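Chemist: Here it is, the structure, as structure tokens.
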Amino acid sequence: MEKYVINGGNALHGEVEISGAKNAAVAIIPATVLAQDICVIENVPNISDVSILFQILRDLGANVRYLAKNTVEIDTRNIREPVVPYESARHLRASYYFLGAFLGRFGEAHVSPPGGCNFGVRPIDQHIKGFEALGATVTTDYGFINAQSDEMFGAHIYLDVVSVGATVNIMLAAVRAKGLTILENAAKEPHIVDLANFLNSMGADIRGAGTDVIKIHGVDIMHGTNYPIIPDQIEAGTYMTIAAATGGDVLIKNVIPKHLEAITDKLIQAGCEIEEYDDSIRVRRTGVLNKTNVKTLPHPGFPTDMQPQMTTLLSIAQGTSIVTEGVWDNRFKYVDELHRMGAKIQVDGKVAVVEGVEQLSGAQVKALDLRAGVALVQAALSAKGTSEIEDIHWVERGYEDLIGKLQKIGADIKKVTIPDGAFAKNA
Ligand code: EPZ
């Protein structure tokens, strides 16, 4: 088993380079199925979610090869079986994007229900609502979600709830459906716009991505493309809160500042000095952190995927902050781990009351999901003393070269491999 060992208390200084956006990559990679052709994708993050999707494509008969460290060539001409089995699908949420992609290409899909971070119920009723509106029959049996349609026709679909996943999956299923699809109450995240741009570069006809009404004119044929993925808004935001938490001064490069506006606004309220440049952003914190209230909302609101990092930052601010989780039912489970580090946070359902303390103290803690795990890394970097973080596979799903990037700006962090069970002896 692997764990991080972190000696906290250093103010971090220097430059960090942001990788391609995980949540764009995990939608774009399945989307390559829609063209019986070759796609070259640049700025692909080297993270485990991406590796798993490449393995799923190879198991389907696609040819996937790296042309450079973050550039991948994907040839989906030989894909035959529109099937993703449990063994593959269970590792990540995004495996269900193969439902929309297979429907778009084959009119048929058999995908085992997805895995992913566990912070409450994660239904897919809106995905199914969209597929059925487009003419597919959807059943669930023998451990598979099965979607089938002789012919897909454009439809007018209104999402009951703003859903990134449903917006992605319906776009994938609709791009080759006959006629016009209008998707209302659509998600507006940067990765939705990136997927739409990718699909359009393959010959799709999608307009309005980034607004709450997306119009898709179905096309018969889609072709290969060469496409660079946008920088990761959440990875960038995470290094912003890490710089703030350690009282450091970090230049975060390869970002789109507009995608970070909600995070920048909150950090300025919390007392940070932020300078925006064309494709980088500098975060400094010299004085005390101020309390501030946060409510997570779909884009352009404060991103839910930054909630654990922001709550952890506010746990060492002066005064009491209120954090409201507006997207997920149960995304504060990590707070128990922060309590072990001395945080004073009370959670009641979707609301956390965060009473700031002077400094956290190092402890042995566990990563419970991707963003909760990186929030514990942030907590450990700002804490007095040594921390050990277990179950770091969650963190490695979404952060390329986390150790290398943090060490480069002065963090005392290393990854330690211990024989399974050894940890238990010290428990
Ligand atoms: C995506 O998850 C992201 N994952 C999540 O990021 C992110 O937290 C979430 O969007 C919100 O931004 C990926 O992109 C791979 P949703 P997704 O569908 O698509 C409800 C990370 O850390 N809902 O936008 O699963 C749902 O319960 C991960 O990178 C339905 O009710 O989220 C939730 O309350 C964690 N029915 C809300 O909508 C549905 O059919 C938003 O969920 C679908 C969703």
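Chemist: With modelled with pLDDT of 95 or more and farther than 14 Å from G104 by Cβ as the only criterion, which of I229, I170, I206, I216 stands out?
Modeler: I229
Chemist: If I ask for residues that are within 27 Å of the chain's Cα centre (by Cα) and within 16 Å of the ligand (Cβ to nearest atom), which ones from region 135-161 would you list?
Modeler: V138, T140, I145, A147, I157, Y158, L159, D160, V161, listed by residue number.
Chemist: Here is a check on your reading of the model: is K350 closer than 27 Å to L92 by Cα, within 16 Å of the ligand (Cβ to nearest atom) and of a type in the set (K, R)?
Modeler: yes
Chemist: Follow-up. Return yes or no: is N43 within 16 Å of the ligand (Cβ to nearest atom), of a type outside the set (A, V, I, L, M, F, W, C), modelled with pLDDT of 95 or more and crowded, with 18+ Cβ neighbours inside 10 Å?
Modeler: no
Chemist: Which members of region 282-310 meet the condition of being within 14 Å of the ligand (Cβ to nearest atom), buried (at least 17 other Cβ atoms within 10 Å of the Cβ) and either closer than 16 Å to Q359 by Cβ or of a type in the set (A, V, I, L, M) (or both)?
Modeler: M306, M310
Chemist: For region 86-133, list the helices (runs of 4 or more DSSP H) that sit wholly inside it and hold at least 3 residues that are away from the ligand (no atom under 12 Å from the Cβ), surrounded by fewer than 20 Cβ atoms within 10 Å (Cβ to Cβ) and acidic (D, E); which are they?
Modeler: No helices (runs of 4 or more DSSP H) qualify here.
Chemist: Can you find a residue in region 250-267 that is closer than 22 Å to I403 by Cα and outside any strand (DSSP E or B)?
Modeler: The answer is yes; a qualifying residue exists.
Chemist: Please work out if E358 is over 26 Å from K3 (Cβ atoms) and of a type in the set (D, E).
Modeler: The answer is yes for E358.
Chemist: Now for a different question. Which pairs turn up if I take residues in region 170-194 that are crowded, with 19+ Cβ neighbours inside 10 Å and look for partners that are among the basic types (K, R) with beta carbon separation below 9 Å, at least 6 apart in sequence or on another chain?
Modeler: So the pair list comes out as I170/K129; R176/R105; T181/K215; L183/K215; P190/K258; H191/K22.
Chemist: Those residues that are part of a loop (DSSP other than H, G, I, E, B) and either surrounded by 21 or more Cβ atoms within 10 Å (Cβ to Cβ) or charged (D, E, K, R) (or both), I need them from region 68-85; list them, please.
Modeler: Within region 68-85, K69, T76, R77, R80, E81, P82 qualify.
The values are calculated or read from the model by the stated rules, or taken from the named source; none is laboratory data. Treat the numbers as computed from the prediction; the structure is a model and nothing was measured. Methodologically, a virtual Cβ is constructed for each residue, glycine included, from the backbone with ideal geometry; neighbour enumeration extends over all protein chains shown.
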